[in-house]
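First the structure, in the form of structure tokens, and then the observations on it.
Only the coordinates and a few stated rules stand behind these numbers; no lab work does. If you're wondering where the values come from, they're calculated on a predicted model, not measured in any experiment. Note that each Cβ is placed from the backbone with ideal geometry, even for glycine, and that neighbours are counted across all protein chains shown.
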Amino acid sequence: MDQARGRLSERQCADLAFQHTRVYRPWDWYQGLDRGDRYQVKCIMVKPGGRLLLQSHRHRSEHWVVVGGTVEVTKGDEVKRLGENESAYIPAGEKHRLATRQGFGVPHRGDHAR
């Protein structure tokens, strides 16, 4: 890796690590699929009964698309159920959470401020 690192820029190494890393969490896992200067795309898998922590991001919005199963999206004080091929937009600063009672996968696109 040290020899390869000498030939790749720091950004290229970070991109390779991002694209080939599955990160495990108590609710299941996520994996980076694509990334640019102002965005990144992730696949998020949440096990049945799993849920992400309630969170907000000051400098980025998110757009979630359900590719299978049914999810519950908490957005501010509102909880909405979404099914396959439905999506939710989360503006910057909005408290939000993703949860499920069934297995599903959600490509996650968040505008990334650097």
With θ taken as phi - 60° and the coefficients 6.51, -1.76 and 1.60, list the Karplus ³J(HN,Hα) couplings across region 53-63 in order, rounded to whole Hz; mark glycine and proline as x. 5, 5, 8, 8, 10, 5, 10, 9, 9, 9, 10
Each label point is 7 Å from the Cα along the Cα-to-Cβ direction; what then is the distance between the points at Leu53 and Arg81, in nm? 2.9 nm
Skipping prolines and chain starts, which residues have an amide H placed within reach, meaning under 5 Å, of the one on Leu33, given they are 5 or more residues away or on another chain? Val41, Lys42, Cys43
